[in-house]
Amino acid sequence: MDQNSQTASQQNAHGAGASPSASTGSSTGGNTASFGFRAVPETERQGLVNKVFASVAGRYDLMNDLMSGGLHRLWKRELITLLNPPRGATPFKLLDVAGGTGDIAMRYAKDSGPNATAVICDISPEMLEVGRRRIADAGLESRIQCIEGNAEELPFANNSFDAYTIAFGIRNVTHIDRALAEAYRVLKPGGRFLCLEFSECRVPVLDRLYDFHSFEVIPRLGQLAAGDADSYRYLAESIRRFPPQEKFAGLVRNAGFSRVTHRDLTGGIAAIHGGWKI
Ligand code: SAM
């Protein structure tokens, strides 16, 4: 069967066999990792992900609105509400990993006091370039810094941030456990971890509509609006490969976080996981 003709549920990794990271062992020697529904050599996966974001960067913000009907804005607002950054003069440092074109950091900067700063760390120079332009247009350069780096090996000292956010980023990382360990390392004791990610839709009928939207509508929209169906097919497939709510909460706990919680958004299409470094 052609990989693209398999149904979402056949390919869904939300079942018992879901791997804690995108990586899986291979009996033929050499590790493989899931890139959407394809198994690829683990060492090649990040390069393929980077190509996707290099290709979509210019249309990323427009496509987010088209694909989600603007819902991503509400979900991101919910993330910042949960973060509850200080509105007074208290200094506060956020690290937004896989921050891309800057939505989370800019929303945070607008909703917080003058001494609240953010660092966006993203592996894609193309996404960061769009982010830098938007941040400059919004006059937020003095509060938001953009740094190129890998979530699995963050270029920051231990215990250096008050909060860590990652929105729609962690499913793109090859070793999720390493990214979570890095989140824990760079947070100060008492620091907050928040992850917004697509998750398992748990509302009957909505789940079917969502599958149709993901596999029939999104790649076509990607072709029409950005001339790139394949990248958008990867985005939809990678969502189905990501562990469901409880399983991901277990990974966050395994990284050392305490008081781990998760909250479904729009019937579980997305979820926010939170935890604390105690
Ligand atoms: N957080 C932004 C948002 O919510 O709009 C962007 C999310 S976008 C779907 C995923 C981002 O993850 C891309 O900008 C991509 O470059 C970044 N990314 C992928 N792998 C990464 C890694 N290993 N380390 C850091 N960033 C990564």
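Take every DSSP beta bridge whose two residues both sit in the chain; close to 50 percent of them are antiparallel.
Extension gain, residue 89 to residue 216, is 40.9 nm, computed as 0.36 nm per intervening residue step minus the present C-alpha separation. According to the square roots a ≥ b ≥ c of the eigenvalues of the Cα gyration tensor, what is the shape class of segment 223-278, taking rounded for a/c under 1.5, prolate for a/b larger than b/c otherwise, and oblate for the remainder? It is prolate, given that a/c is not under 1.5 and a/b is the larger ratio. Close amide H pairs (under 5 Å, H built 1.01 Å from N) link residue 168 with 196, 197, 198, residues at least 5 positions away or on another chain.
Of all lysines in the structure, those lying under 28 Å Cα to Cα from residue 51, and not within fewer than 8 positions of it along the same chain, are 76. If you average the alpha carbon positions of segment 45-109 and of segment 180-207, how far apart do those two centres end up, in angstrom? For segment 45-109 versus segment 180-207, the Cα centre distance is 14 Å.
Derived scalar couplings between HN and Hα for segment 127-141 equal 5, 5, 4, 5, x, 4, 5, 5, 5, 5, 4, 8, x, 10, 4 Hz in order, rounded to whole Hz, by the Karplus curve 6.51 cos²θ - 1.76 cosθ + 1.60 (θ = phi - 60°), x for Gly and Pro. Spin-label pair residue 71-residue 54: with each label point 7 Å from Cα along the Cα-Cβ axis, the two points sit 3.2 nm from one another. Alpha-carbon geometry of the chain: the Rg and the Dmax are 17.9, 59 Å, given in that order.
Sequence neighbours fewer than 8 away in the same chain don't count; with that in mind, list the aspartates and glutamates whose C-alpha is under 14 Å from residue 277. Residue 277 reaches 162, 182. Taking the accessible area of the chain, probe 1.4 Å, and keeping the other protein chains in place, the carbon and sulfur fraction comes to 52%.
Given R₀ = 22 Å, FRET efficiency for residue 247-residue 181 by Cβ-Cβ distance, to 0.05?
On the way: r = 17 Å, r/R0 = 0.78.
Efficiency for this residue pair is about 0.80.
Extending 7 Å from the Cα toward the beta-carbon at both residue 82 and residue 157 defines two label points whose distance is 3.0 nm.
With every protein chain left in place, what is the accessible area per residue of the chain in square angstrom, probe 1.4 Å?
Details: 12170 Å² over 278 residues.
For the chain, the solvent-accessible area averages 44 Å² per residue.
Shown in residue order for segment 194-208 are the 3J(HN,Hα) couplings computed by the Karplus curve 6.51 cos²θ - 1.76 cosθ + 1.60 at θ = phi - 60°: 9, 10, 9, 8, 4, 9, 9, 6, 10, 10, x, 6, 4, 5, 5 Hz (x for Gly and Pro). Using the Cβ of residue 264 as centre and a radius below 13 Å, the other residues enclosed give a net charge of -3, where K and R count +1 and D and E count -1. Over segment 3-276, Cα pairs under 8 Å with separation of 6+ residues give a relative contact order of 21 percent.
For the pair residue 145 and residue 278, what calculated FRET efficiency results from E = 1/(1 + (r/R0)^6), where r is the Cβ-Cβ distance and R0 = 25 Å, to the nearest 0.05? Once the sixth-power term is evaluated, E becomes 0.35.
The values are calculated or read from the model by the stated rules, or taken from the named source; none is laboratory data. This one's a predicted model, so the numbers in the text were calculated from it and none came from an experiment. Positions of Cβ are generated from backbone atoms using ideal geometry, with glycine treated the same way; all protein chains shown enter the neighbour counts. What goes into the accessible areas is simple: the full protein's heavy atoms, side chains included, and nothing from ligands, DNA or RNA. Shrake-Rupley method; radii C 1.70, N 1.55, O 1.52, S 1.80 Å.
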